[in-house]
Amino acid sequence: MVSERANGGNLVNRLIDLMWRQRRLQRHDDQILQAQIDHVHEHNRAVPIRVELQALAPEFAEANTVEQVEKLLAKHAYGEVIASWVPRPKESEKEASWGPAISEHLKKMKVGSIVEGPSEILTYVDPFKLELQEDRMGRLDERILQVTKRLVQIKASKELFRDRRDPAKLVSVNDKPRPAVTIDHERGSDKSVSASSSKQHRWVPGPIDYASARINIVSE
């Protein structure tokens, strides 16, 4: 019984640990999926901005001086970003090529397209990672099921043995008490026995007379 109780306690601890690991894995998978969805949303927000920046390429292609380039950069909201991509040349003889260099960079920028719908979002998800996550979750489910079945078996066995040892269930409530029995050992008793009396008188061997080696028997 003690070993079964200890085994049951170990199984309960094991079940708690497996369920905790399952919740932790689920949260981890949800965080990865959410990060991928956020990446898609960021991509969608960047698409129109890239289109707008790419449309500035012809203006920068016509800028042949530093003053013209700086004027265009101050005109547009993303001027500082463009200047970080293509900084001003340090050599004065290359300053005239600054505008055309910015134009070429903007033309080569990859714009992409807006991603919509679950099917397109899944294209950003690594199928190998999805398969690995499903496999780990499936193994945890199997372990949880096995431990749960074992706990049910232990509980059923305890209930079975408890019913067999319960003395209250072995005594019938319909049993009536037996009538009282009195035994008279007195020699020569002249007590009369009533037929209606509930007491019963039985004869038993009397005391042994060791002196005469005789056995006196008292009868009704």
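Being at pLDDT below 90 and assigned to a loop (DSSP other than H, G, I, E, B) is the filter; apply it to the stretch 78-109 and report the residue that is farthest from the chain's Cα centre (by Cα).
Once the filter is applied, the top-ranked residue is GLU91.
Report, ordered by the first and then the second residue, all pairs with beta carbons closer than 7 Å, sequence separation of six or more or different chains, a first member in the stretch 1-15 that is more than 17 Å from GLU159 (Cβ to Cβ) and of a type outside the set (D, E, K, R), and a second member that is outside any helix (DSSP H, G or I) and modelled with pLDDT under 85.
Final answer for the pair search is none.
Looking only at the stretch 51-72, how many residues end up being touching a helix residue (DSSP H, G or I) at 6+ places or on another chain (Cβ under 9 Å) and part of a helix (DSSP H, G or I)? Break it down stepwise before answering.
Restricting attention to the stretch 51-72, the residues satisfying the condition of being touching a helix residue (DSSP H, G or I) at 6+ places or on another chain (Cβ under 9 Å) are 53-66, 68-70, 72.
Imposing the further condition that a residue be part of a helix (DSSP H, G or I) reduces the set to 53-54, 57-61, 66, 68-70, 72.
Counting residues in the stretch 51-72 that are touching a helix residue (DSSP H, G or I) at 6+ places or on another chain (Cβ under 9 Å) and part of a helix (DSSP H, G or I) gives 12.
The values are calculated or read from the model by the stated rules, or taken from the named source; none is laboratory data. None of the values given here were measured: they were computed from a predicted structure. Cβ sites come from the backbone with ideal geometry, for glycine too, and all protein chains shown count toward neighbours.
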